[in-house]
Structures are given as C-alpha cells and as structure tokens.
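The values are calculated or read from the model by the stated rules, or taken from the named source; none is laboratory data. All of these numbers come straight from a predicted model, not from anything done at the bench. Positions of Cβ are backbone-derived with ideal geometry, glycine not excepted, and every protein chain shown enters the neighbour counts. The accessibility values were calculated without ligands, DNA or RNA, using every heavy atom of the protein model including side chains. Shrake-Rupley method; radii C 1.70, N 1.55, O 1.52, S 1.80 Å.
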Amino acid sequence: MVKDSITADIVLRGGLVIDGGGGEGFAADVAIAGDTIVAVGPALDAPGARVVDVSGLVVAPGFIDVHTHDDLICITQPDMVPKISQGVTTVVAGNCGISAPLLRFDDAVAEPFNLLGAREDFAYDTFADYRRAVEAATPRVNVAALVGHSALRVLCLDDLERPATTAERARMDALLRDALDEGALGLSSGVFYAPAWAADVAELQGLAATVAAAGGVYTAHIRDEREGIIEALREAFQVAQGAAESGPAPLILSHHKCAGVRNWGRAAETLGLIDQARQRQPVHLDCYPYTAGSTIIRPDLADGEVEILINWSEPHPEMGGRTLKSIAEDWAVSEPEAAERLQPGGASYFQMAESDMRAILSHPCCMIGSDGLPHDTLPHPRLWGAFPRVLGHYARDLRLLSLEAAVRKMTGLAAETFRLKDRGRIAVGMKADVTVFDADAILDRATYEAPTQPAAGIAHVFVNGLLAWTEGGPTAGRAGRFLRRAN
Ligand code: ZN
C-alpha cells in the first residue's frame, strides 16, 4: 500500500510518542509544518522535509513549568537556559501573589518582589506593556502570566496592615480585569507574605469571582504550610468556592507541602482534605521534587529544627552556601538573629519529609512547577533540575509513577488546568512544542552545592516548531510567545 505523502518541514522519525494524555507510549513519526504538528503516525512520507532520527528516544509535548517567578528574567535574559535545558517550553509567571507588571520601585525592590529582579527591571505601566515587552524579547520559551494579589495590594492600598476597603477592592478589581482582558491566565495570591497577610477572605473572594467569570484560574500560596495547614487549605477552598454566580474559580494549590518537622507525615491528611474538596469544586496542585523549599530569608522560619542553607545575602554575600546554624554559631547569636542580619536575602529550607513529597508528587491532580528562583546567585537546584528529576529519579529509578503519568503531569494536565489552548499534547493541530529525550539517560545534575548544571538526556527541544535546544546547547533562533488565556 502506498501512503499519501504530506507536506511538512520536519519529521521526527522513529521515536516513542508519549502524547501527554496519560496513555501508553506508541511508536510513531511526528511531522511539523510551521509552528504546528500536522501528522502523527507510522512511516510518514514528507518529501523534502528535514528528517530527525529520534529512534530510541521519547517524543513528548514540551514541558510546562506551571509555577515560576520568571516574570522579568524572560525579558532580561531571554535565552532561558535553566528551563529550555530541562525540556520546558512554557513557563507560567506571576505565582505566589508576586507579579511584576505595573510595579515600580524608587529605592530597593521590596520583599518578596526582589525574587523577580532588580529595580530597573520593573518597567511596565500596564499589563499590555508587559505583554508587548515579552513579545519583543522573544524568549526561548513561551510565557504565560498570572496577576499577583500582593502586587495589586501594593498598587491600591494605603495601608498594607489591614484588609482592603471597598474602594480599594474596586481599584484592585479594575486592574485585574484590565490584565485579564490582555490575556492574563488568572490571579495568584500569597497571603504567606507580608504585603498580603492582612488580606481577609472577602478581599480575595471578590478577585477570585472576577477571575471565575473571565474563565481564569486562581493559584494560592496558602497562609500556612506548617501546623496551621488545614485551616489555610480551608481558607483557599472558601476563597475559590465563594466566588458566586459564575461558579467556583478553578483553584491550584501552589507547591503543596507539609512544612516543618512537627508537620511531617501529614500528606495523607492534606491530600484527603483536597480529595474531599474536589467533590464540590475544581482543585489541582503543583509541586517540585525536592525536600527543601526556597524563598526569602525570614527569621520566623528559623525554628532551630529545619536546616537552612543561605543562597544569597545582600549585606553578607560571603555567606552564600553556608548553613544558618553555622553562621549563627560564628556570630554567637541565635538563628533568628543571624537571619535578621542576613536580610535581605534568599535561603533553602529543608522542611519537608521525603514520604510526604512523594505522596503529593504522585497524586493524580498534581502538576510539576519548579518554583525556581532565577535571580538567586546560588539557586535551589529545582531551577535547573525539577523536570528531569521527576522523569529520571522518581519515574525511572524509583518507579514512583509511570513515565506516561509523569509526562502527563508536566504537559497535558498542566495545559488543561491552566487553559493553555493548543499546548500540552502531541496531536494533529497542536502547536509544535516538542521535547525529545532519552528515557534511559534523563536525569537532573543540579545539586545544592553546584546548582547551575544542565540536566542529562534532553536531546532536542522545539518551541513553536523551531529547534530551540539540541546536543546540549541552545540554537541560534528563539521562538517563544506570550500565551494568552484561552476562553
Ligand atoms: Zn510560593
């Protein structure tokens, strides 16, 4: 039988397709024309197309990093090597209530916005300005963005120590609507952080209702991931659910974890509560595959039980890479006192139990988000390693989950949950974001000691049909786009 020939620019020949839907991998060629996948099937005949031999390799949708703080780095350093080198083709910025558009700083960048970049990087007066700046930078990966509740507060409240007034709520709502009109994916909140912790449920509910009506999502870095985690989860459910006529806002619990030694072993309880909530409202999770978290240096987190590794410190850069305990001993002060002296800065907190993290990672509604901090001088290794670590260490080596399930978490599930149209699947008509990897070799190489190492086993990465990474390095071209919310 002679098969019809097709018109394509590129054919990925002889790979094992794991399509992002969760089903078993199958042998097929994948043909790309322009920025689109035009055929998936055996022995595709595309005269004149460039053929890439991918035999022995997995052909998967490009990975979607649903939890990032790449808002500004995607403009200032558009090569995005920490992400593309992992096979990531789309990042979701603006998480944890922390987003960059509209914010300006006269002096030092206020915490926690300093996770995003330097003062001069905050240069966008509207969400549309920000979107255009991303488009002009043409990052190596696609960028989608959430609007941060903490940023809205800073922009609209006279006093951050109390809930918003009715007039302030209306101002925040207007800015949020404006961003949603320009394609923002939804709202993020981080009532764990100072600019937002005085917010009450009513303040958040109003914004969540606006997001729900617009068809967006609501992501939450909950108030307390330690002993108060159950109450904090209930608060997030309430905020998302109380949204009103348009129904609940789809909730994504950011970097779900049971933090603090006294909280270890509780993942079964929190996941049980989440499963219960899922009976009445849409809830998903994201997590990164490590037992340490990372954020700004906060003295209140220095509980003497959790080991804390200093990643950077503005007043004491020489302390990067040392533990808070050893610094406190040198200085003959308590750990909270040492933390105070090291501020502003960033740290990794070894605050999770491996068994809890594994239970969360393998939960069917959990996606993968690196939560990498691209500006840290000695970043948590998740910035360079999260995705290959899930595929290599947890799926292949420990068999915690199947390769298909792992790929689904970082592709199809992420695109569906965040409403990214045309992404997250290997199928005809989808955009050609494709990651080709060696399932036997894939592994993270970034460590706490040497965190800026590209992963092993990523063979080729295509973004919108353009080869963006191959043979261990970036290519000459970049083709990332700003992705608007699909309705
Ligand atoms: Zn967070």
Residues that are touching a residue at least 60 places away in the same chain (Cβ under 8 Å): find the helices (runs of 4 or more DSSP H) completely inside region 302-404 holding 1 or more of those.
354-362, 382-388
Among the residues in region 47-65, are any under 20 Å from Pro451 (Cβ atoms), within 16 Å of the ligand (Cβ to nearest atom) and touching a Gly at 6+ places or on another chain (Cβ under 7 Å)?
yes
On the given criteria, is Gly97 more than 16 Å from the ligand (Cβ to nearest atom), at positive phi and open to solvent by less than 10 Å² (accessible area, probe 1.4 Å)?
no
Anything in region 196-219 that is closer than 22 Å to Asp159 by Cα and either among the small types (Gly, Ala, Ser) or surrounded by 22 or more Cβ atoms within 10 Å (Cβ to Cβ) (or both)? List them, or say none.
Ala196, Ala198, Ala199, Ala202, Glu203, Leu204, Gly206, Leu207, Ala208
Checked pairs for region 110-133, first not assigned by TED's automatic domain parsing to the domain that holds Ala93, second buried (at least 17 other Cβ atoms within 10 Å of the Cβ), C-beta under 6 Å and 6 or more apart or across chains, list as none
Given the criteria crowded, with 24+ Cβ neighbours inside 10 Å, in contact (Cβ under 8 Å) with a residue 12 or more places away in the chain and either away from the ligand (no atom under 14 Å from the Cβ) or closer than 20 Å to Tyr288 by Cα (or both), does Ile75 qualify?
no
Hey, Thr90 within 15 Å of Val461 (Cβ to Cβ) and either within 14 Å of the ligand (Cβ to nearest atom) or among the hydroxyl-bearing types (Ser, Thr, Tyr) (or both) or not
yes
Identify the single condition in (1) surrounded by fewer than 24 Cβ atoms within 10 Å (Cβ to Cβ); (2) within 16 Å of the ligand (Cβ to nearest atom); (3) more than 25 Å from Val211 (Cβ to Cβ) that Leu400 does not satisfy, given that it satisfies every other one.
(2)
Residue satisfying condition, being in contact with an Asp or Glu (Cβ under 7 Å, 6 or more places away or on another chain), open to solvent by less than 60 Å² (accessible area, probe 1.4 Å), polar (S, T, N, Q) and at pLDDT 95 or above, within set Ser370, Ser362, Ser326
Ser370
Quick one: count up the residues across region 147-195 that are open to solvent by 20 Å² or more (accessible area, probe 1.4 Å), within 16 Å of the ligand (Cβ to nearest atom) and not hydrophobic (A, V, I, L, M, F, W, C).
0
When region 329-357 is examined, which residues are found to be among the basic types (Lys, Arg) and surrounded by 21 or more Cβ atoms within 10 Å (Cβ to Cβ)?
none
Per-region count, region 11-28, residues over 27 Å from the mean Cα position of the chain (by Cα) and either open to solvent by 60 Å² or more (accessible area, probe 1.4 Å) or closer than 21 Å to Val88 by Cα (or both)
6
By residue number, the members of region 375-397 that are within 16 Å of the ligand (Cβ to nearest atom) and crowded, with 24+ Cβ neighbours inside 10 Å are His380, Arg382, Leu383, Ala386
In region 47-103, residue nearest to Leu383 (Cα to Cα) [restricted to those that are β-branched (Val, Ile, Thr) and in a loop (DSSP other than H, G, I, E, B)]:
Thr68
For residues in region 131-183 being aliphatic (A, V, I, L, M) and in a loop (DSSP other than H, G, I, E, B), which is nearest to Ala199 (Cα to Cα)?
Ala164
